[in-house]
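Novice: What follows is a structure written as structure tokens; I'll ask about it next.
The values are calculated or read from the model by the stated rules, or taken from the named source; none is laboratory data. Keep in mind the model is a prediction, meaning the values are calculated, not measured. No Cβ is skipped: glycine too gets one built from the backbone with ideal geometry, and neighbour counts run over all protein chains shown. Please note that ligands, DNA and RNA were not included when accessible areas were found on the heavy atoms of the full protein model with its side chains. Shrake-Rupley method; radii C 1.70, N 1.55, O 1.52, S 1.80 Å.
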Amino acid sequence: MTDALSQIDQLIEAARRQLDGLVALRADMAGEPGSEVESFTDHDFASCNLIELPLASQRFEVSKDTLRKWCREEGCGVKRGSRWLVSVPRVRTRLDRK
């Protein structure tokens, strides 16, 4: 049952990414300037570049609170539901600026 739930969660996440892309495409086609969803079309936010915040915290040896702040204030991640997904390229760039 746990495998089935995990698979369902993965399918839901994939559907969310697809929907975000469609919303961004629609906003772009409608010429809606300043739309918050424009950033989702950025390669940094492609699904292959996003990881969950706890994993990012371990990988980059940065506290979860710091990563949340970077996601909120510096655009290093996107929030899906109540979870942050962190952009690996953006965190690498942020760490290189230190």
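Novice: Of (1) at pLDDT 90 or above; (2) in a helix (DSSP H, G or I), residue 17 satisfies all except one. Which?
Specialist: Exception for residue 17: condition (1).
Novice: Do we have residue 91 as surrounded by 12 or more Cβ atoms within 10 Å (Cβ to Cβ), modelled with pLDDT of 90 or more, out of contact with any strand residue (DSSP E or B) (no Cβ under 6 Å at 6 or more places or on another chain) and assigned to a loop (DSSP other than H, G, I, E, B) here?
Specialist: No, not satisfied.
Novice: Turning to a different aspect of this structure: Take the residues of the range 46-65 that are under 12 Å from residue 84 (Cα atoms) and open to solvent by less than 60 Å² (accessible area, probe 1.4 Å): which is nearest to the chain's Cα centre (by Cα)?
Specialist: Residue satisfying both the conditions and the ranking: 50.
Novice: For residues that are of a type in the set (Lys, Arg) and free of Cβ contacts under 8 Å to residues at least 12 places away in the same chain, scanning just the range 65-91, find the one that is nearest to residue 14 (Cα to Cα).
Specialist: Among those that are of a type in the set (Lys, Arg) and free of Cβ contacts under 8 Å to residues at least 12 places away in the same chain, it is 79.
Novice: Can you tell me which condition residue 74 does not meet? The list is (1) open to solvent by 80 Å² or more (accessible area, probe 1.4 Å); (2) within 16 Å of residue 94 (Cα to Cα), and all the others hold.
Specialist: Result: residue 74 fails condition (1) only.
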